[in-house]
Amino acid sequence: GTSLTLNCSATGDPRPVISWKRQGAALPVGRSHRTNDGLIMRDLKEEDAGNYICQATSAGVFDVEAISYVEVGPVGIGKLV
């Protein structure tokens, strides 16, 4: 039942568009959604552990990525490393 919010921000002109993806797997289906520039995951499970990538794209040309590693314990406790 634990939730986790990953936040990402970027500045630029034009304002970058933020998108989220997961390295080697899909985002948790039905338990994750994007809000503004963040990614919220509900009801964390052990299989949700891994690298989550925030990608900021400006003018469809310039991309910057930031990676967050999420570790999930056996009782559903999430930790951002």
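The values are calculated or read from the model by the stated rules, or taken from the named source; none is laboratory data. Note that the coordinates shown come from a computational prediction; the quantities given were computed from them, not determined experimentally. Every residue, glycine as well, gets a Cβ built from its backbone with ideal geometry; the counts of neighbours run over all protein chains shown. The protein model used for the area step is the full one, side chains on, heavy atoms only, and it has no ligands, DNA or RNA in it. Shrake-Rupley method; radii C 1.70, N 1.55, O 1.52, S 1.80 Å.
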- Message: I want to confirm something. Restricting to region 4-33 and keeping residues that are touching a residue at least 24 places away in the same chain (Cβ under 8 Å) and among the charged types (D, E, K, R), which single residue is farthest from Val72 (Cα to Cα)?
- Response: Asp13
- Report the residue count in region 34-44 for those that are more than 17 Å from Val72 (Cβ to Cβ) and open to solvent by 40 Å² or more (accessible area, probe 1.4 Å). 3
- Item | Close pairs (8 angstrom Cβ cut-off, 6 or more residues apart or separate chains): under 29 Å from Thr11 (Cβ atoms) and polar (S, T, N, Q) in region 34-52, open to solvent by 40 Å² or more (accessible area, probe 1.4 Å) and assigned to a strand (DSSP E or B) anywhere | Asn51/Ile67; Asn51/Tyr69
- Task: Mind listing just one residue for me: the one in region 1-16 that is of a type in the set (Ser, Thr, Tyr) and outside any strand (DSSP E or B) and, of those, most open to solvent (accessible area, probe 1.4 Å)?
- Result: Thr11
- Item | Selection status of Ala26, within 13 Å of the chain's Cα centre (by Cα), at pLDDT 90 or above and open to solvent by less than 40 Å² (accessible area, probe 1.4 Å) | no
- Note on the structure: Among residues of region 45-81 being within 21 Å of Thr2 (Cα to Cα), open to solvent by 70 Å² or more (accessible area, probe 1.4 Å) and more than 17 Å from the chain's Cα centre (by Cα), the residue modelled with the highest pLDDT is Pro74
